[in-house]
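**Q** The structure is given below, and queries will be raised subsequently.
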C-alpha cells in the first residue's frame, strides 16, 4: 500500500517585490497556514518519508512551515519539473518516487486537477475541494507495490482539509 499527500502551497505574497513568479514568497497568513497543516498532518498520522516539491519559493516555504511539526526527516527534493506542473507531469514524478508515503507540493491548477484525476471514487461534494484553495491537503491510498504502477483513477480517498477549517 502506498499513501500520497497532495498539498497546494500556502498563501503567497503578491506584493513582496519578488523578481518573478517562481521566487514569490509566502505572506504571513501563508506561513501560519503551513504550520497549521503540519500540526494537522502530525495529529492525523500522515507523515511522509519522501517529499517531492516544486522548486518555487512558496512551495519550499510551505514545506519549511510543515516540517517542524512532523518530527521526521524525509527525503526532500525541489524539482523544476514540478513548477506549475500539470497532472501528467506530476504523475510522472510520482511514478519515480521511492517512499511509501509521499508528499507532493505544487500549484494550481495542476495540483487540484491531479487530486481529482487520481481518485477512483467521486470527489467530495465540497466547494473548497473543487477550488483547491491555498494550503489544501488531499490524502489518497493506492493498492500498489511500486509508484510506477499508479495510474490516474486508482487512488482511494482518505481525507481532505484546508487551513481555513483547521483550529
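The values are calculated or read from the model by the stated rules, or taken from the named source; none is laboratory data. Note that the coordinates shown come from a computational prediction; the quantities given were computed from them, not determined experimentally. Please note: Cβ atoms are built from the backbone with ideal geometry, for glycine as well, and neighbour counts cover all protein chains shown.
**Q** Is there a residue being closer than 29 Å to residue 156 by Cβ and surrounded by fewer than 18 Cβ atoms within 10 Å (Cβ to Cβ) anywhere in the range 1-13?
**A** yes
**Q** Identify all residues within the range 118-142 that are touching a helix residue (DSSP H, G or I) at 6+ places or on another chain (Cβ under 9 Å) and either at pLDDT 95 or above or crowded, with 17+ Cβ neighbours inside 10 Å (or both); write none if there are none.
**A** If the condition is that a residue be touching a helix residue (DSSP H, G or I) at 6+ places or on another chain (Cβ under 9 Å) and either at pLDDT 95 or above or crowded, with 17+ Cβ neighbours inside 10 Å (or both), then 118, 129, 132, 133, 134, 135, 136, 137, 138, 139, 140, 142 are the ones that fit.
**Q** Suppose we filter 55, 27 for residues that are farther than 28 Å from residue 167 by Cβ, surrounded by fewer than 22 Cβ atoms within 10 Å (Cβ to Cβ) and either under 15 Å from the mean Cα position of the chain (by Cα) or free of Cβ contacts under 8 Å to residues at least 24 places away in the same chain (or both); which single one remains? Give the steps one after another, and end with the answer.
**A** Values: 27 fails: farther than 28 Å from residue 167 by Cβ.
Criteria check complete, one pass: 55.
**Q** Can you tell me how many residues in the range 1-42 are in contact with a helix residue (DSSP H, G or I) (Cβ under 6 Å, 6 or more places away or on another chain) and in a helix (DSSP H, G or I)?
**A** Looking only at that region, the number is 10.
**Q** Taking the range 41-52 only, how many residues are touching a strand residue (DSSP E or B) at 6+ places or on another chain (Cβ under 6 Å) and crowded, with 17+ Cβ neighbours inside 10 Å?
**A** So the first thing to find is which residues in the range 41-52 are touching a strand residue (DSSP E or B) at 6+ places or on another chain (Cβ under 6 Å), and the list is 46, 48-52.
Narrowing further to those that are crowded, with 17+ Cβ neighbours inside 10 Å: 46, 48, 50-52.
Residues in the range 41-52 being touching a strand residue (DSSP E or B) at 6+ places or on another chain (Cβ under 6 Å) and crowded, with 17+ Cβ neighbours inside 10 Å: 5 in total.
**Q** Assess whether residue 81 counts as being farther than 15 Å from residue 6 by Cα, touching a helix residue (DSSP H, G or I) at 6+ places or on another chain (Cβ under 8 Å) and either surrounded by 15 or more Cβ atoms within 10 Å (Cβ to Cβ) or modelled with pLDDT of 95 or more (or both).
**A** yes
**Q** While we're looking at this one, here's another question. Going through the range 94-117 one residue at a time, which ones are more than 13 Å from the chain's Cα centre (by Cα) and crowded, with 21+ Cβ neighbours inside 10 Å?
**A** 97
**Q** Specify the residue that is farthest from residue 146 (Cα to Cα); the eligible residues are those in the range 82-100 that are in contact with a strand residue (DSSP E or B) (Cβ under 9 Å, 6 or more places away or on another chain) and in a helix (DSSP H, G or I).
**A** 82
**Q** Can you run down the residue pairs with Cβ atoms below 8 Å, 6 or more apart or on separate chains, where the first is in the range 65-82 and at positive phi and the partner is buried (at least 16 other Cβ atoms within 10 Å of the Cβ) and modelled with pLDDT of 95 or more?
**A** So the pair list comes out as 71/42.
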